[in-house]
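S.K.: First the structure, then my questions, so here it is.
The numbers here are math on the coordinates, done by the rules we state, and not lab data. In this text the structure is predicted, and so the values were computed from the model without any measurement. Positions of Cβ are backbone-derived with ideal geometry, glycine not excepted, and every protein chain shown enters the neighbour counts.
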Amino acid sequence: MRRVVITGMGLVTPVGSTVEKFWSNIQEGKHGIREIEAFDTSEFDVKLAAEVKDFDPVDRLGKREARRMDRYCQFAVAAAQDAMADCGTDFKDLDPYRVGVITGSGIGGLTTIENEHTKYMEKGWKRLSALFIPMMISNMGAGNISIQYGFKGTNFTAVTACASSAHAIGEAYRQIKYDYLDACVSGGSEATITKFALAGFVNMGALCKSTDPDRASIPFDKERCGFVMGEGGAMLVLEELEHAKARGAKIYAEIVGCGETGDAYHITSPDPTGEGPRKAMEFALREAGVSTGEVDYINAHGTSTGPNDRTETMAVKELFGDAANKIAMSSTKSMTGHLLGAAGAVESIICALAVRDDIVPPTANFRVRDEECDLDYVTEGARKQTVDVALSNSLGFGGHNAALCFKKYQD
């Protein structure tokens, strides 16, 4: 039963592509939601998304490598490079089979699929790229990271829709805890702001149709009407505590628990009883050895959809009882949009920074209170308070639930 700490972080998001810029913007309640620039939206009912603006894949990865990767994979590799630089070691002192890469992506290379399908329909099958398959499959984020650094340990990609990267981090945590690995790069990435994806999500009624960027992604607000699609990636370096201490690593936070459940209810809608996310949080706290009264902050899944926000609120109230009203709970998707399979990784970084700095980030642009969502959603702006224990919730289509528990590191 070994302890697992976070020693490196990197990300690419709509509100910043360095940890410092990202965290500053999150604290200030700045969102990255704008009119879509990637393609013409005149034929669509939805006009807004949270696009990454400050990322040049050629500059970050080189022309040859950038051309051989889908956008989601570019995000994954760039985030991993920053996380590795941040952690301060290349782990060459370790057996390469004791260093792993576990990532998550809900959809994978959709940009490549869409582009190559158009080419196929217009020019025939012989014009498809020889790299079509390795560019579009969702495991190539993990594959490319391991190739770049020579990490030969456990290597796979979790695909559980919007819970993907939370599951990836949870599995990385347990691989180290139970002595299968000594270190692991883990997180997730997603790049689905495409015509194909937008059409699919619009037709299923999942996306907000507001044209006001300040009133589009508004979790727990009574006027919420769907989520806003985001894109990006985030990677964390998880490390066994004694190895981290021996090399003098900086430690952001400790991961102490992971809870995973399935709703067994519906392909897209959460179980309205909230039992699945409630049990996931309960299991995470049980593994962490943390009581409900010790939790200071919950980073909610908080998608800005009616069913999710009600269900998650109910789950928290049922698990924490009277203490629920004393816990700060915010949805940072109000600023990042919904990064789908990358959301859990981005929000894990937020939890680790909240624990490190004793700052609770806000739910931005909240205006209209909903009688069914009546907890403390930190709507007045970032809050300075003690954060010794934080939970991060992730819920995915198919009924996949994951909760991660982070704790302030103490030797």
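S.K.: Pulled fully out, how much extra length does the chain show between residue 410 and residue 117, if you take 0.36 nm times their separation in residues and subtract their Cα-Cα distance?
M.R.: Extending this stretch completely gives an extra 100.2 nm.
S.K.: For region 30-81, state the average projected area of the convex hull of the C-alpha atoms over all orientations, rounded to one decimal in nm².
M.R.: Averaging across all directions leaves 4.7 nm² for the Cα convex hull.
S.K.: Measuring from a point 7 Å past the Cα of residue 323 along Cα-to-C-beta, which residues in region 351-389 have an amide N at less than 12 Å?
M.R.: Under cut-off, by backbone N: 389.
S.K.: Of the chain, which part is the longest with no chymotrypsin sites (Phe, Trp or Tyr not before Pro) in a loop (DSSP not H, G, I, E, B) and with at most 16 other C-beta atoms within 10 angstrom?
M.R.: Longest stretch, sites excluded: 266-411.
S.K.: Within 10 Å of each candidate Cβ there may be at most 14 other Cβ atoms; applying that plus a DSSP loop requirement, which trypsin sites (Lys or Arg not before Pro) in region 216-312 survive?
M.R.: Here the sparse-neighbourhood loop sites are 247, 250.
S.K.: Sticking with this structure for a sec: Tell me, what is a quarter of the convex hull surface for the C-alpha atoms of region 208-338, in nm² with one decimal?
M.R.: Hull-based average projected area comes out at 10.0 nm².
S.K.: Something else: Which ³J(HN,Hα) values, rounded to whole Hz and listed in residue order, are derived for region 57-63 from phi using the Karplus coefficients 6.51, -1.76 and 1.60 in 6.51 cos²θ - 1.76 cosθ + 1.60 with θ = phi - 60°, glycine and proline given as x?
M.R.: The phi angles translate into x, 5, 5, 7, 10, x, 4 Hz.
S.K.: What are the extents of the Cα atoms of region 267-343 along their three principal axes, in Å, largest first?
M.R.: 31, 25, 23
S.K.: How long are the semi-axes of the ellipsoid equivalent to region 4-246, from square roots of 5 times the Cα gyration tensor eigenvalues, in whole Å, largest first?
M.R.: Equivalent ellipsoid of region 4-246: 31, 23, 15 Å, largest first.
S.K.: Given a cut-off of 37 Å, what percent of all Cα-Cα pairs of the chain lie beyond it?
M.R.: 16
S.K.: Each residue of region 257-270 in order: what ³J(HN,Hα) in whole Hz does its phi give by Karplus 6.51 cos²θ - 1.76 cosθ + 1.60, θ = phi - 60°, with x for Gly and Pro?
M.R.: x, 9, x, 9, 9, x, 5, 6, 10, 7, 6, 10, 8, x
S.K.: I would also like to ask the following. Identify which of 167, 301, 117 has the largest mean-square fluctuation in a Gaussian network model of the chain, with springs joining Cα atoms closer than 10 Å.
M.R.: 117
S.K.: Turning to a different aspect of this structure: Consider a paramagnetic label point 7 Å from the Cα of residue 30 along Cα→Cβ; state which residues of region 337-368 have an amide N under 17 Å from it.
M.R.: 337, 361-365
S.K.: If eta is 1.567 mPa s and T is 4 °C, what Stokes-Einstein diffusion coefficient results for region 257-406, Kirkwood Rh from Cα pairs, in µm²/s?
M.R.: Answer, rounded: 87 µm²/s.
S.K.: I would also like to ask the following. For region 222-305, run through the GluC sites (Glu not before Pro) and keep only the ones in DSSP coil with at most 15 other Cβ atoms within 10 Å of their Cβ.
M.R.: 223
S.K.: Starting from the Cα-Cα distance between residue 128 and residue 174, subtract it from 0.36 nm times their residue separation and give me the gain in nm to one decimal.
M.R.: Full-extension gain reported as 12.5 nm.
S.K.: Quick one: net charge of residue 197's neighbours, Cβ under 11 Å, K/R +1, D/E -1?
M.R.: -2
S.K.: Go ahead and estimate [θ] at 222 nm for the chain from helices alone: -39,500 (n - 2.57) per DSSP H run with n ≥ 4, summed, over the residue count, rounded to 500.
M.R.: Helix-only estimate at 222 nm: -10500 deg cm²/dmol.
S.K.: Under a GNM of the chain (C-alpha, springs under 10 Å), which listed residue has the highest mean-square fluctuation: 225, 73, 351?
M.R.: Ranking 225, 73, 351 by mean-square fluctuation puts 225 first.
S.K.: Helix by helix, which DSSP H runs in the chain go 18 Å or more along their axis at the Cα atoms and have an average Kyte-Doolittle hydropathy of 1.0 or more?
M.R.: Helices passing the filter in the chain: 343-357.
S.K.: Now for a separate question. Separation between the residue 195 and residue 53 pseudo-spin-labels, each 7 Å from Cα along Cα→Cβ, expressed in nm?
M.R.: With each label point 7 Å from Cα toward Cβ, the separation is 2.5 nm.
S.K.: On to the next question. Output the antiparallel fraction of DSSP beta bridges having both residues in the chain, as a percent to the nearest 5.
M.R.: Percentage antiparallel, nearest 5: 65.
S.K.: Using 0.36 nm per residue of separation minus the Cα-Cα distance, give me the extension gain between residue 148 and residue 372 in nm, one decimal.
M.R.: Once the chain is fully extended between residue 148 and residue 372, it gains 75.8 nm.
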